[in-house]
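First up is the structure itself, then whatever we jot down about it.
Rule-based calculations on the coordinates, nothing more; no lab input. Note that the structure is a prediction, hence the values are computed from the model and not measured. Methodologically, a virtual Cβ is constructed for each residue, glycine included, from the backbone with ideal geometry; neighbour enumeration extends over all protein chains shown.
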Amino acid sequence: MRVRSLAYLRLGSPDVDAWRVFAGDFLGLMPVDGGNSDAAYFRMDDFPARLVVEPSAEAAATAIGFEVMDRRELAALAEAVSAHGIEVVAGTPEECVERQVTGFVRFADPGGNPIELAYGPILQHDPVQTPNVSGFVTGGLGLGHVIVSAEDGEAQYDFYTGVLGFVERNTMAGGRVVFMGCNPRHHTLGINTRRGPGRLMHLMLEVATLDDVGRGLDRAHRLKIPMMHTLGKHTNDRMVSFYVYSPENYAIEYGWDGLLVEDEVPTYEISAGAFWGHRFTPPPER
């Protein structure tokens with residue numbers, strides 16, 4: 001009984017049009033129609049829109065959606081979350097239609113991040129069109145990975161490992177940051193212990209080839225997307241990637257050839273984030 005992958009991400013933004021350029025023209029995701037004509041919906045594979053950006057006065061993640069196996073697993077996990085003392089709310093039929101899933105539940109994790117568990121995505125059978133990208137690495141590995149913050153990192157860790165079934169892969173910064181997996185992708189979730197309410201900090205998308213990464217760098221330059229970390233190679237998941245700032249200054253990683261952990265190995269602490277590259281630039285003023 002465990003979460004299977006990162007299924008989707010829903011954001012609220014005061015500038016949805018900026019995301020149409022960022023997610024469509026830069027990231028190379030496929031714009032599609034959805035239930036809210038004011039929102040922006042993006043596909044990257046046969047899954048329904050994995051990224052949705054809706055108009056909002058404040059920038060925030062409104063749902064971090066994880067996929068589970070089926071209705072039985074959803075019910076068992078919802079019961080386990082509730083037994084952990086967290087209120088669980090079932091999605092309405094209308095909300096399921098909006099997300100294009102068969103069923104889901106929502107709750108706030110111990111850090112206050114908005115989490116959804118969903119099963120039964122309504123798959124799209126027309127080929128995804130990503131002319132700027134040869135393809136994204138998804139399937140059983142899911143959308144990619146996210147990093148969220150929590151004030152009480154231990155409570156957050158206990159919840160994700162003890163209730164949702166994540167496995168600790170490695171730590172950094174003296175254990176203040178923990179990377180966790182739920183499938184062979186090295187990590188699907190990271191927890192950063194820091195003051196204040198929990199929030200989304202980082203999203204990673206993995207592309208199919210190194211050339212896709214290089215062309216992404218060219219598009220970032222052409223579209224004047226602000227760079228956060230130059231091209232580099234991580235020490236934990238071995239991914240070759242670069243980071244940019246999203247319209248709301250989320251750290252967006254665009255990478256290739258991430259490590260797959262087929263057999264569980266002991267956890268470890270990394271003393272540096274990159275073997276080379278990943279030189280940092282402070283965020284732009286918005």
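Annotations
- Over the chain, dividing the summed -39,500 (n - 2.57) contributions of all DSSP H runs of at least 4 residues by the number of residues returns a 222 nm mean residue ellipticity of -5000 deg cm²/dmol.
- Each Lys and Arg adds +1 at its Cβ and each Asp and Glu adds -1 at its Cβ; summed about the Cα centre, the chain shows a dipole of about 640 debye.
- Charge tally for residue 276 (other residues, Cβ to Cβ under 14 Å; Lys, Arg +1; Asp, Glu -1): +3.
- Normalised by the number of residues in the chain, the average gap of Cα pairs under 8 Å and 6 or more apart makes the relative contact order 17 percent.
- Segment 5-121, relative contact order in percent, only Cα pairs under 8 angstrom and at least six apart counted: 27 percent
- J(HN,Hα) series, segment 205-210, from Karplus relation 6.51 cos²θ - 1.76 cosθ + 1.60, nearest Hz, glycine and proline x: 10, 10, 9, 7, 9, 5
- Model label zone, residue 195; criterion: amide N under 20 Å from point 7 Å along Cα-to-beta-carbon; scope segment 136-155: 148-155
- Using only side-chain charges placed at the Cβ, +1 for Lys and Arg and -1 for Asp and Glu, the dipole size of segment 139-277 relative to its Cα centre rounds to 600 debye.
- A convex hull fitted around the alpha carbon atoms of the chain yields 127 Å³ per residue.
- Cα lying deepest toward the dipole's positive end in the chain, options 82, 198, 7, charges on Cβ: 198
- Formal net charge of residues neighbouring residue 225 (Cβ-Cβ distance under 10 Å; K, R +1; D, E -1): +2
- For segment 214-228, backbone phi angles converted through the Karplus equation (6.51, -1.76, 1.60; θ = phi - 60°) give residue-by-residue couplings of x, 5, x, 4, 5, 5, 4, 5, 5, 8, 6, 6, x, 7, 9 Hz, Gly and Pro being listed as x.
- Of the GluC sites (Glu not before Pro) found in segment 18-78, the ones in coil according to DSSP and having at most 12 other Cβ atoms within 10 Å of their Cβ are 58.
- Sorting the segments 190-196, 4-10 by their residues' average number of neighbouring beta-carbon atoms within 10 angstrom, most packed first, yields 4-10, 190-196.
- Hydrodynamic radius of segment 161-245 by the Kirkwood approach over all distinct alpha-carbon pairs: 14.8 Å.
- For peptides 223-232, 236-245, sequence by mean Cβ density within 10 Å, most packed first: 236-245, 223-232
- Computed about its Cα centre, the charge dipole of segment 5-121 is approximately 200 debye, with only Lys, Arg, Asp and Glu carrying charge at their Cβ.
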